[in-house]
Amino acid sequence: RKEVEQDPGPFNVPEGATVAFNCTYSNSASQSFFWYRQDCRKEPKLLMSVYSSGNEDGRFTAQLNRASQYISLLIRDSKLSDSATYLCVVHTGTASKLTFGTGTRLQVTL
Amino acid sequence: GAGVSQSPRYKVAKRGQDVALRCDPISGHVSLFWYQQALGQGPEFLTYFQNEAQLDKSGLPSDRFFAERPEGSVSTLKIQRTQQEDSAVYLCASTKNVGSYNEQFFGPGTRLTVL
């Protein structure tokens, strides 16, 4: 079983739609959680950190449920420019490495 | 300011050839990471440096992979006797400080194709 699991998609949604991505992680000792965005043939870039209290950045809302070891990302009012792969990322232990999910591909269409 | 840079951006190697991939982190960044990203997968951790010290190399897939950062800035990932399964994008990332809450800034990657 992979440490971080995501539905690879693709999710095809029309502009203006609301879309939600989910992610589960297996290591209960995981400490920090993130969503990264990766455009086609580009490097990953931090989208937002994820906190237990939930956090929002404009149209994006991230949520962490430690008991269920579950992370979510909600995108409201999708734009064409949101089309990308969204990577669920977990940091565990004293080492500084990040563990990435396989990514969920989003395609927003007209 | 300048971000993380990597060279070459693309590398084609014949099976059995040795390759060297370079990473220039953001100036002053203490931590440097190498990741391998296969097609359709997320990046997978290879190794981590804090300054010049290689503190974690648990992700290196075999002893054909070797990384160094002798002066605590530029790093080189070397792959000896390349195999087809080494074909992937190799990403380098750096962070300013040590610790899990520091954002990792990624370079554009080197796309390695082994024929």
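Things to note:
- With the simple model of a label 7 Å out from the Cα in the direction of the Cβ, residue A:107 to residue A:1 spans 3.2 nm.
- Note on the protein assembly as shown: Kirkwood hydrodynamic radius from all Cα pairs is 18.1 Å, rounded to one decimal.
- Exposed trypsin sites (Lys or Arg not before Pro) absent: longest stretch of chain A, with sites in DSSP loops and at most 15 other Cβ within 10 Å deemed exposed: A:3-40
- Neighbourhood net charge (12 Å Cβ-Cβ; Lys/Arg +1, Asp/Glu -1) for residue B:8: +4
- Along chain B, longest interval not containing exposed GluC sites (Glu not before Pro), exposed being DSSP loop plus at most 15 other Cβ atoms within 10 Å: B:1-51
- Label-to-label distance, nm, for residues given as residue A:31 and residue B:18 (7 Å Cα→Cβ offset): 3.7 nm
- Over segment A:3-54, the pair-distance histogram of Cα-Cα distances with 5 Å bins from zero comes to 4, 12, 20, 27, 22, 10, 3, 1 percent, rounded to whole numbers.
- Neighbouring Cβ atoms from other chains, within 10 Å of the Cβ of residues in B:34-44, number 5 on average.
- Proximal aspartates and glutamates to residue A:45, defined as alpha-carbon separation beneath 20 angstrom and excluding residues fewer than eight positions away on the same chain: A:5, A:7, A:56, A:57, A:82, B:24, B:44, B:103
- Sparsely packed loop sites in segment A:19-110 (the chymotrypsin sites (Phe, Trp or Tyr not before Pro) outside DSSP H, G, I, E and B with at most 14 other Cβ atoms within 10 Å) comprise A:51.
- Chain A: Cys lacking any partner C-beta under 4.7 angstrom: A:40
- Sites listed here are GluC sites (Glu not before Pro) in segment A:1-88 whose DSSP assignment is loop and whose Cβ has at most 15 other Cβ atoms within 10 Å: A:3, A:15.
- Electrostatic bookkeeping for residue A:39 treats Lys and Arg as +1 and Asp and Glu as -1; over the other residues with beta carbon under 12 Å from its beta carbon, the sum is +3.
- DSSP beta bridges confined to the protein assembly as shown are antiparallel in about 90 percent of cases.
- Neighbourhood charge, 10 Å Cβ-Cβ cut-off, centred on residue A:97 and excluding it, Lys, Arg +1 and Asp, Glu -1: -2
Each reported figure results from applying straightforward, stated rules to the coordinates on display, with no laboratory input. Computed from a predicted model, the values in this text were never measured in an experiment. Neighbour counts are summed over all protein chains in view; Cβ atoms, including those assigned to glycine, are modelled from backbone coordinates with ideal geometry.
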